[in-house]
1. Give me the angle, in degrees from 0 to 90, between the Cα long axis of helix 132-145 and the longest principal axis of the Cα atoms of the chain, rounded to the nearest 10.
2. To the nearest µm²/s, what D does Stokes-Einstein give for the chain at 25 °C and 0.890 mPa s, using the Kirkwood radius over alpha carbon pairs as Rh?
3. Can you send over the carbon and sulfur percentage of the accessible area for the chain, probe radius 1.4 Å, protein chains only?
4. Rounded, prolate or oblate: pick one for region 39-143, where a ≥ b ≥ c are the square roots of the eigenvalues of its C-alpha gyration tensor, a/c under 1.5 means rounded, and failing that, prolate if a/b is larger than b/c, else oblate.
5. What accessible area per residue, rounded to a whole number of Å², is obtained for region 1-159 using a probe radius of 1.4 Å?
6. Would you work out which of 16, 2, 94 lies farthest towards the positive end of the dipole of the chain? Charges go on Cβ: Lys and Arg +1, Asp and Glu -1.
7. If you build a Gaussian network model of the chain, linking Cα atoms that sit under 10 Å apart, which residue out of 76, 50, 64 swings the most?
8. How much net charge surrounds residue 131 when only the other residues with a Cβ under 13 Å from the Cβ of residue 131 are counted, with Lys and Arg +1 and Asp and Glu -1?
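The values are calculated or read from the model by the stated rules, or taken from the named source; none is laboratory data. For clarity, every value in this text was computed on a predicted model and none was experimentally measured. Heads up, the Cβs are rebuilt from the backbone with ideal geometry, glycines too, and the neighbour counts pull from every protein chain shown. These area figures cover heavy atoms from the full protein model, side chains too; ligands, DNA and RNA do not enter into them. Shrake-Rupley method; radii C 1.70, N 1.55, O 1.52, S 1.80 Å.
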Amino acid sequence: DAVALFARAATANSTSYEAHWEGARACYAYGSFTLPEERNAERIKVFEDGIGRAKRAVALRPEGVEGHFWLGVLYGVFGEARGVMKSLALVDDIQAAMETCLKLDPSVEWWGPYRVLGRMYFKLPWFKGGSNQKSRDYLEKSLAAEPANELTRLYLADTYRALGMKRDALEQLTFILQTPPDPRWAPEHPWVRAQAEKLLAQLR
(Lines give C-alpha, C1' and ligand atoms only; values in the text may rest on other atoms or scores of the structure.)
Protein backbone atom coordinates (compact mmCIF):
# COMPACT_ATOMS: atom_id res chain seq x y z
CA ASP A 1 0.00 0.00 0.00
CA ALA A 2 0.98 3.68 -0.22
CA VAL A 3 2.04 3.90 3.44
CA ALA A 4 4.57 1.09 3.00
CA LEU A 5 5.60 2.28 -0.47
CA PHE A 6 6.60 5.74 0.74
CA ALA A 7 8.27 4.26 3.83
CA ARG A 8 10.51 2.22 1.53
CA ALA A 9 11.18 5.30 -0.61
CA ALA A 10 12.15 7.31 2.49
CA THR A 11 14.44 4.51 3.67
CA ALA A 12 16.09 4.30 0.25
CA ASN A 13 16.61 8.07 0.19
CA SER A 14 16.46 9.57 3.67
CA THR A 15 16.87 13.11 2.28
CA SER A 16 13.85 12.89 -0.05
CA TYR A 17 11.42 15.61 0.95
CA GLU A 18 8.74 14.19 -1.37
CA ALA A 19 8.96 10.66 0.08
CA HIS A 20 8.40 12.00 3.58
CA TRP A 21 5.53 14.41 2.95
CA GLU A 22 3.77 12.04 0.55
CA GLY A 23 4.20 9.29 3.14
CA ALA A 24 2.60 11.57 5.72
CA ARG A 25 -0.34 12.18 3.36
CA ALA A 26 -0.68 8.41 2.82
CA CYS A 27 -0.83 7.86 6.59
CA TYR A 28 -3.60 10.46 6.85
CA ALA A 29 -5.64 8.87 4.05
CA TYR A 30 -5.22 5.32 5.34
CA GLY A 31 -6.05 6.17 8.94
CA SER A 32 -8.91 8.50 8.09
CA PHE A 33 -10.68 6.82 5.17
CA THR A 34 -9.68 3.14 5.18
CA LEU A 35 -9.34 2.01 8.79
CA PRO A 36 -12.74 1.81 10.52
CA GLU A 37 -13.29 3.91 13.64
CA GLU A 38 -13.54 0.85 15.87
CA ARG A 39 -9.86 0.13 15.13
CA ASN A 40 -8.94 3.37 16.86
CA ALA A 41 -5.71 2.20 18.51
CA GLU A 42 -4.41 1.22 15.08
CA ARG A 43 -5.50 4.55 13.61
CA ILE A 44 -3.62 6.42 16.36
CA LYS A 45 -0.43 4.50 15.51
CA VAL A 46 -0.80 5.31 11.81
CA PHE A 47 -1.31 9.00 12.59
CA GLU A 48 1.74 9.00 14.89
CA ASP A 49 3.75 7.48 12.05
CA GLY A 50 2.48 10.24 9.76
CA ILE A 51 3.42 12.96 12.24
CA GLY A 52 6.98 11.61 12.32
CA ARG A 53 7.19 11.64 8.53
CA ALA A 54 5.77 15.16 8.29
CA LYS A 55 8.24 16.42 10.92
CA ARG A 56 11.07 14.93 8.90
CA ALA A 57 9.77 16.64 5.76
CA VAL A 58 9.66 20.00 7.56
CA ALA A 59 13.22 19.47 8.83
CA LEU A 60 14.41 18.61 5.32
CA ARG A 61 12.73 21.61 3.68
CA PRO A 62 11.43 24.27 6.12
CA GLU A 63 10.13 26.36 3.23
CA GLY A 64 8.14 23.43 1.81
CA VAL A 65 4.43 24.01 2.33
CA GLU A 66 3.40 20.35 2.02
CA GLY A 67 5.37 19.26 5.09
CA HIS A 68 3.78 21.93 7.28
CA PHE A 69 0.33 21.20 5.89
CA TRP A 70 0.37 17.47 6.56
CA LEU A 71 1.97 17.96 9.96
CA GLY A 72 -0.93 20.19 11.00
CA VAL A 73 -3.53 17.86 9.50
CA LEU A 74 -2.04 14.81 11.22
CA TYR A 75 -1.92 16.59 14.57
CA GLY A 76 -5.63 17.24 14.07
CA VAL A 77 -6.72 13.70 13.22
CA PHE A 78 -4.39 12.28 15.89
CA GLY A 79 -6.05 14.59 18.42
CA GLU A 80 -9.54 13.57 17.31
CA ALA A 81 -8.64 9.88 17.54
CA ARG A 82 -7.31 10.34 21.07
CA GLY A 83 -10.25 12.52 22.10
CA VAL A 84 -10.49 16.28 21.82
CA MET A 85 -10.14 16.95 25.55
CA LYS A 86 -6.92 14.91 25.73
CA SER A 87 -5.40 16.76 22.82
CA LEU A 88 -6.02 20.45 23.46
CA ALA A 89 -2.26 20.98 23.78
CA LEU A 90 -1.98 20.30 20.03
CA VAL A 91 -4.21 23.22 19.05
CA ASP A 92 -1.39 25.76 19.01
CA ASP A 93 0.74 23.42 16.87
CA ILE A 94 -2.09 22.93 14.35
CA GLN A 95 -2.72 26.65 14.17
CA ALA A 96 0.99 27.43 13.76
CA ALA A 97 1.31 24.89 10.93
CA MET A 98 -1.68 26.36 9.08
CA GLU A 99 -0.52 29.95 9.59
CA THR A 100 2.82 28.92 8.06
CA CYS A 101 0.97 27.40 5.11
CA LEU A 102 -1.03 30.59 4.61
CA LYS A 103 2.24 32.51 4.36
CA LEU A 104 3.95 30.00 2.06
CA ASP A 105 1.07 28.99 -0.24
CA PRO A 106 -2.57 29.11 0.92
CA SER A 107 -3.67 27.09 -2.14
CA VAL A 108 -1.90 23.91 -0.95
CA GLU A 109 -4.22 20.88 -1.13
CA TRP A 110 -6.95 22.96 -2.76
CA TRP A 111 -6.94 25.76 -0.18
CA GLY A 112 -6.57 23.22 2.60
CA PRO A 113 -5.32 25.58 5.35
CA TYR A 114 -8.67 27.40 5.41
CA ARG A 115 -10.47 24.04 5.48
CA VAL A 116 -8.35 22.75 8.37
CA LEU A 117 -8.75 25.93 10.41
CA GLY A 118 -12.49 25.94 9.74
CA ARG A 119 -12.84 22.41 11.02
CA MET A 120 -10.58 23.11 13.98
CA TYR A 121 -12.72 26.03 15.18
CA PHE A 122 -15.83 23.85 14.80
CA LYS A 123 -14.36 20.99 16.86
CA LEU A 124 -12.80 23.08 19.63
CA PRO A 125 -14.72 23.68 22.86
CA TRP A 126 -15.66 27.32 23.37
CA PHE A 127 -13.22 27.79 26.28
CA LYS A 128 -10.31 26.92 23.97
CA GLY A 129 -11.43 29.37 21.29
CA GLY A 130 -13.97 27.25 19.43
CA SER A 131 -16.30 29.32 17.26
CA ASN A 132 -18.88 28.20 14.71
CA GLN A 133 -18.79 31.64 13.13
CA LYS A 134 -15.00 31.48 12.63
CA SER A 135 -15.47 27.95 11.30
CA ARG A 136 -17.98 29.23 8.76
CA ASP A 137 -15.73 32.10 7.68
CA TYR A 138 -12.72 29.87 7.03
CA LEU A 139 -14.69 27.12 5.30
CA GLU A 140 -16.51 29.59 3.04
CA LYS A 141 -13.11 31.01 2.03
CA SER A 142 -11.88 27.53 1.16
CA LEU A 143 -15.04 26.71 -0.79
CA ALA A 144 -14.98 29.99 -2.72
CA ALA A 145 -11.45 29.17 -3.89
CA GLU A 146 -12.20 25.49 -4.72
CA PRO A 147 -15.98 24.91 -5.10
CA ALA A 148 -15.65 21.24 -6.08
CA ASN A 149 -14.06 20.01 -2.84
CA GLU A 150 -16.48 17.63 -1.14
CA LEU A 151 -14.70 17.57 2.20
CA THR A 152 -14.98 21.35 2.50
CA ARG A 153 -18.69 21.11 1.69
CA LEU A 154 -19.21 18.34 4.26
CA TYR A 155 -17.50 20.35 7.00
CA LEU A 156 -19.42 23.47 6.00
CA ALA A 157 -22.72 21.57 6.15
CA ASP A 158 -21.84 20.49 9.70
CA THR A 159 -21.05 24.06 10.68
CA TYR A 160 -24.22 25.40 9.03
CA ARG A 161 -26.24 22.80 10.97
CA ALA A 162 -24.65 23.98 14.24
CA LEU A 163 -25.51 27.58 13.34
CA GLY A 164 -29.15 26.67 12.64
CA MET A 165 -28.73 27.27 8.88
CA LYS A 166 -30.58 24.14 7.80
CA ARG A 167 -31.29 25.18 4.22
CA ASP A 168 -27.62 26.01 3.60
CA ALA A 169 -26.54 22.70 5.15
CA LEU A 170 -28.96 20.79 2.91
CA GLU A 171 -27.60 22.60 -0.14
CA GLN A 172 -24.05 21.43 0.61
CA LEU A 173 -25.11 17.84 1.29
CA THR A 174 -27.23 17.70 -1.87
CA PHE A 175 -24.20 18.79 -3.90
CA ILE A 176 -22.09 15.99 -2.41
CA LEU A 177 -24.72 13.30 -2.98
CA GLN A 178 -25.82 14.35 -6.47
CA THR A 179 -22.55 15.43 -8.10
CA PRO A 180 -20.31 12.79 -9.73
CA PRO A 181 -17.13 12.32 -7.66
CA ASP A 182 -14.07 14.32 -8.67
CA PRO A 183 -11.16 11.93 -9.40
CA ARG A 184 -8.83 14.21 -7.42
CA TRP A 185 -10.51 13.06 -4.20
CA ALA A 186 -11.41 9.48 -5.10
CA PRO A 187 -9.90 7.92 -1.91
CA GLU A 188 -12.02 10.01 0.43
CA HIS A 189 -15.23 10.08 -1.63
CA PRO A 190 -16.92 6.95 -0.12
CA TRP A 191 -16.22 8.21 3.40
CA VAL A 192 -17.41 11.74 2.63
CA ARG A 193 -20.57 10.42 0.99
CA ALA A 194 -21.34 8.16 3.97
CA GLN A 195 -20.89 11.09 6.37
CA ALA A 196 -23.10 13.29 4.18
CA GLU A 197 -25.86 10.67 4.26
CA LYS A 198 -25.65 10.48 8.08
CA LEU A 199 -25.82 14.25 8.41
CA LEU A 200 -28.72 14.45 5.96
CA ALA A 201 -30.66 11.89 8.02
CA GLN A 202 -30.09 14.00 11.16
CA LEU A 203 -31.34 17.16 9.42
CA ARG A 204 -34.50 15.45 8.22
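1. Helix 132-145 and the main axis of the chain meet at about 70 degrees.
2. Answer from the Stokes-Einstein relation: 142 µm²/s.
3. That share works out to 53 percent.
4. It is oblate, given that a/c is not under 1.5 and a/b is not larger than b/c.
5. 46 Å²
6. 94
7. Among 76, 50, 64, the largest mean-square fluctuation in the Gaussian network model of the chain belongs to 64.
8. That sum, taken over residues with Cβ under 13 Å, equals +4.
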